[in-house]
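Undergrad: Starting off with a structure, shown below.
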Amino acid sequence: MATLLHDAVMNPAEVVKQRLQMYDSPHRSALSCIRTVWGTEGLGAFYRSYTTQLTMNVPFQSIHFITYEFLQEQINPYRGYNPQSHIISGGLAGALAAAATTPLDVCKTLLNTQEKMALNLANISGRLSGMANAFRTVYRLNGLPGYFKGVQARVIYQMPSTAISWSVYEFFKYFLTKHKLENRTPY
């Protein structure tokens, strides 16, 4: 449920961010991008990749959490507060999840940006919609390697992000649990 709500709010922000990042973007600010996209493509443009976003985030989070727990069992079997193990496990879990879901991210980016050059090369007039169409278009343009464009950048972005997130989470879990145990009244 958290992923559904998160993506419902963040998908429009992702569309605006990606359109601003495009080479030769006609948009000069986030607000002008929102106005233009809303006026020319309507509300649906902000949610064109919503199902792809969900299809990416559910496996990403699943791989991420399962890998983190598996690595913790291997390098921190007693599950004590161990910052080094949390950083290593978190970073590797994020890297694996990012690499595994890169094909979905590539398709989501194509749906969000409606990149003119790609659409022209694929002989698509109008707008590209749907995850299946995005997958076919990426394959038609770049073959299997096309699904992994940007995988290094995605992994490099996620590794420190997830390492920091897990280490901060584990610190507060340790701190709050320790504090709670110290303030417990004896029976």
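The values are calculated or read from the model by the stated rules, or taken from the named source; none is laboratory data. Everything quoted here is computed from the prediction, not taken from an experiment. Virtual Cβ from ideal backbone geometry, glycine too; neighbours counted across all protein chains shown. Calculation scope for accessible area: heavy atoms of the full protein, side chains included, ligands and nucleic acids excluded. Shrake-Rupley method; radii C 1.70, N 1.55, O 1.52, S 1.80 Å.
Undergrad: Can you tell me which condition Arg19 does not meet? The list is (1) out of contact with any Asp or Glu (no Cβ under 9 Å at 6 or more places or on another chain); (2) modelled with pLDDT under 95; (3) more than 22 Å from Asn133 (Cα to Cα), and all the others hold.
TA: (3)
Undergrad: Kindly establish whether Thr137 is in a helix (DSSP H, G or I), at negative phi and crowded, with 20+ Cβ neighbours inside 10 Å.
TA: yes
Undergrad: Any idea how many residues of the stretch 76-107 are within 22 Å of Val138 (Cβ to Cβ) and charged (D, E, K, R)?
TA: 1
Undergrad: Determine, yes or no, whether Ile34 is without any contact (Cβ under 8 Å) to a residue 24 or more places away in the chain, surrounded by 12 or more Cβ atoms within 10 Å (Cβ to Cβ), within 19 Å of Glu170 (Cα to Cα) and of a type in the set (A, V, I, L, M).
TA: No, not satisfied.
Undergrad: Related question: So which residues in the stretch 20-31 are part of a helix (DSSP H, G or I), open to solvent by less than 100 Å² (accessible area, probe 1.4 Å) and not small (Gly, Ala, Ser)?
TA: Listed by number, the residues that qualify are Leu20, Leu31.
Undergrad: Give me a count of the residues in the stretch 114-134 that are surrounded by 15 or more Cβ atoms within 10 Å (Cβ to Cβ), part of a helix (DSSP H, G or I) and of a type in the set (A, V, I, L, M).
TA: Here the count works out to 4.
Undergrad: Also, I was wondering about something else. Working only within the stretch 8-19, note down all residues that are surrounded by fewer than 16 Cβ atoms within 10 Å (Cβ to Cβ) and touching a Cys at 6+ places or on another chain (Cβ under 6 Å).
TA: none
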